Structures are given as C-alpha cells and as structure tokens.
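Here the structure comes first, spelled out in structure tokens, and everything after it is commentary.
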Amino acid sequence: MTNTDIDLELSCLDEAAERIGAGLVDLELDPYRRLIEDSSLVGESARVWAESRRSIAQLWQRHDLLHTHLDRVRTMRGKRQKPSADRAEEIAELLIGRSLEDTSGSSVVRCTPAELLAVMTTGYEEVTAIVKRFTWVLETLPAKLEAAETLAAETVDLARKLGEAETPEVALARHQASSLRHTLTVDPLSVDSEACDGLESALRTVLSELLELDAFRREIDVRLAAALALRDRFEQAQTECAAARRLTLSRIVAPDVFAPPHEDLSLASQLEQVQELVHAGAWRPAHDALRDWEHRASNLLAQATDATARNRAPIERRNQLRGRLEAFRAKADQLGLSEDPLLSPLCGRAHEALFTAPTDLDRAEELLTRYQRGLLGRVSHRVVEEVRS
C-alpha cells in the first residue's frame, strides 16, 4: 500500500465517519426523537423503540471506536511526506487489516475499519427509518383524527338543529377517534392509517345525509309549491284523459280507450300529511314522505298523459283520414274529375263514413283507399288516351 493509497483511504474513512457522526448528532436533536423518548410507550412501539435505542447506543460506541482508531492512524502517519517502510506497513495494517475489536454487540468481533463502517451505515439507516416511521405517524394521523373529530362535531350539531338524535354510527366514530387518539400517545405504531380514513369516510356519509336533509328544510317552501303544481298537473291530466275518452267513445265505433289512472288514496290527502310533518319539524319523515309522494305523483301523471294520448289517437286518425280525403278531392277538382260518374260516388261514400258519428275507422279507410285507387286509375286512363291521340 503506497503512501498515496494510505492518505486516500484515511481521507475516505474520515469523511464517512464524519457523515455518520453528524447524522447521529441530528438524530439526538430531532424533536420527534425527543418526543418518543419522553413518551411512556407500550406494545409494538415500546419494543421497536427499545431496539432502536440499543442500536443508537451501539452506533455511538462504534463511532467512538472508529474515531479513536483513525486518530491513532493519523498520529502515526504524522506530517512526514514519506514515512519509513516499516511505519507505512504498520499504518496499512491498521487501515485495511482486522485491527479493530467491536465490543458493542453481544460478542467481540474483529473487523477492518471499512467493515465497521459498513455495519455502522446499515445500523444508522435502520434507525433513521424507524424514526421516520414514528415521525410520519405522529405528523399525519393526529391531523386525520382531528378532521374526523371535527366532522363528528359538525354532524352532531347539525343533527340537533334538525331535531335528530345522534346516530349509532356517529357515536361509534367518536368513541373510536378518542380511543385512537389515546393509542397515538402510547403506541403510535399500532395505529392503522386506514382506520383513521375509515372514520372520516363514515362520518362524511352521515354528514352528507344530514346536509341533504338540511337543504330540504331550507327549500321546503319551493318543494311544496312544486308538489302542488305537480298535483294540479295530474288533476288536469285526469280531466283531459276523461274528456278525450268521452269524445272518442261518442265519435268512433268500438275504439280502444283507457280510463284515467286510479289512485287508492288522494294525492291531496297525502300532501296534507307531508305538510303536517313539516309544521311539526319532523324533517326526515317529511323528506321521505314527500320523496315518495313525488315519485307516485310523477308516475300517475305519466300514466294519465299516456292514456290521454291513446284516447285521442282514434280522433287523430279520423282527422288524418279526413285530411287525405280533402287532398284527393282537391286533386280531382284540379283534374276536372270532381263530377266523374265513377269517382263521385266513391268520394261521397268515403265522405259520409268520415263525417258521420260514430265513425267506423276501418270502413272509412277502406272507402278512402277505393276512392284513391279510382282517382289514380282515372288519371292513368286519361294519360294513355292523350298519348294515343
């Protein structure tokens, strides 16, 4: 080992030892490390930290051993530019030979400075990882619990405002949050982050339901006005459905008609029950009752609207057939065939069928089709005669 090699190895060992020494000092000053030291830990946290304390003590012992050893080597090296061959060989043995006795563990281990440094580096990384684990828990989970406790308080306050009792879910969440907060002070490593997240999620679900109920309370006048308007539309639809049914029965032969949808209980009566619940401040029953009422009223309105359309369909079909008849008559007039001896009787019979009540739609359409075909035949015949002439 040359003098240059000796100086380079000594410098590398010095720098590595200094880095670990600085890290150990930072570890001693770390606020969370001091907090952990001052806590009365139990369980997993106590076991892990006890092992870490032993590791830290071993690191200091090994650091002192290495630091003292390197001071000795440095003294032997001296300031001479080129030490004697014997001295250089002795120094080299101290630097790369198994010249150290590590007594910090359960048994004495002989090792080189580099081997001791490798053991120290691994030990330091393990200890800092544990401190980081404690730090993350102590920095993150209290905030999660505080958020959950804040949600619980908001939920309880809003429930009281709405006249609701505290739900079992909220009571359980508050108890769990209190228990977890205590556990954080004595066994932080045993606290599950997902448990804290679960508390917040459960509380947000309950709070969301209460916020929906509170929004219902604040918008109740608008909701009731909309319900009254819906009831009026349904009643109007019932009236229109019945009128369309009567008209069709009086104007059409054997039509397919439908009665207005039947309701077992009056919508008006049910809506009055909702209003009574509102006046009593029973917001959740009122909310559920109005939601059910709106669903039922909307279905009844849809049924009434559909029945009205079906009841009007035969009259609309008759009117469409009348329109087709007028179109064919106008065409016949344009062609000078309005008095045609073959077409005129066909037109008359179709007109009588369509404008006599009650109308047999199938027969009227059949007569209209005969008139249409006759008109087309006469036009075709005329075109052929014109070509021949």
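The values are calculated or read from the model by the stated rules, or taken from the named source; none is laboratory data. This structure is a prediction, so every number in the text was calculated from the model and none was measured. We place every Cβ from the backbone using ideal geometry, glycine too, and count neighbours over all the protein chains shown.
For the structure I just gave you, tell me whether SER250 is farther than 30 Å from THR150 by Cβ, in contact (Cβ under 8 Å) with a residue 24 or more places away in the chain and hydroxyl-bearing (Ser, Thr, Tyr). Against the criterion (farther than 30 Å from THR150 by Cβ, in contact (Cβ under 8 Å) with a residue 24 or more places away in the chain and hydroxyl-bearing (Ser, Thr, Tyr)), SER250 qualifies. Scanning region 221-247 for residues that are of a type in the set (Gly, Ala, Ser) and either touching a residue at least 60 places away in the same chain (Cβ under 8 Å) or in contact with a helix residue (DSSP H, G or I) (Cβ under 9 Å, 6 or more places away or on another chain) (or both) returns ALA226, ALA227, ALA237, ALA242, ALA243, ALA244.
Mind checking which residues of region 302-341 are among the polar types (S, T, N, Q) and either at pLDDT 95 or above or assigned by TED's automatic domain parsing to the domain that holds ILE252 (or both)? Of everything in region 302-341, those that are among the polar types (S, T, N, Q) and either at pLDDT 95 or above or assigned by TED's automatic domain parsing to the domain that holds ILE252 (or both) turn out to be GLN303, THR305, THR308, ASN311, ASN319, GLN320. Here PRO261 fits the description: without any contact (Cβ under 8 Å) to a residue 60 or more places away in the chain, part of a loop (DSSP other than H, G, I, E, B) and within 21 Å of GLN238 (Cβ to Cβ). For first residues located in region 197-213 and outside the structural domain of ARG284 (by TED's automatic domain parsing) and over 12 Å from LEU162 (Cβ atoms), partners that are basic (Lys, Arg) and modelled with pLDDT of 95 or more and lie 6+ apart or on another chain with Cβ distances below 7 Å do not occur.
Here VAL186 meets the list (1) farther than 24 Å from ARG47 by Cβ; (2) in contact with a helix residue (DSSP H, G or I) (Cβ under 8 Å, 6 or more places away or on another chain) almost entirely, failing just condition (1). Scanning region 209-261 for residues that are among the polar types (S, T, N, Q) and surrounded by fewer than 16 Cβ atoms within 10 Å (Cβ to Cβ) returns GLN236, THR239, SER250. Exactly one residue out of THR369, THR356 is surrounded by fewer than 19 Cβ atoms within 10 Å (Cβ to Cβ), assigned to a helix (DSSP H, G or I), of a type in the set (Val, Ile, Thr) and at pLDDT 90 or above: that is THR369. Taken across region 359-366, residues that are closer than 23 Å to ALA254 by Cβ, among the β-branched types (Val, Ile, Thr) and surrounded by fewer than 15 Cβ atoms within 10 Å (Cβ to Cβ) do not occur at all.
Mind listing whichever residues of region 300-340 are basic (Lys, Arg) and either on the phi > 0 side of the Ramachandran plot or under 51 Å from the mean Cα position of the chain (by Cα) (or both)?
The answer is ARG310, ARG312, ARG317.
How many residues are within 18 Å of LEU95 (Cβ to Cβ) and either hydrophobic (A, V, I, L, M, F, W, C) or touching a Pro at 6+ places or on another chain (Cβ under 6 Å) (or both) if we restrict to region 1-51? Adding up the residues that qualify gives 9.
Screening region 105-124 for residues that are surrounded by fewer than 15 Cβ atoms within 10 Å (Cβ to Cβ) and in contact with an Asp or Glu (Cβ under 7 Å, 6 or more places away or on another chain) and picking the one that is farthest from CYS12 (Cα to Cα) gives VAL108. Based on what the data block shows, is GLU294 outside the structural domain of THR155 (by TED's automatic domain parsing) and either touching a residue at least 12 places away in the same chain (Cβ under 8 Å) or in contact with a Leu (Cβ under 7 Å, 6 or more places away or on another chain) (or both)? So GLU294 passes the test. Across region 24-45, the qualifying residues are those that are more than 26 Å from MET120 (Cβ to Cβ) and out of contact with any Asp or Glu (no Cβ under 7 Å at 6 or more places or on another chain), and the one among them that is surrounded by the most Cβ atoms within 10 Å (Cβ to Cβ) is SER39.
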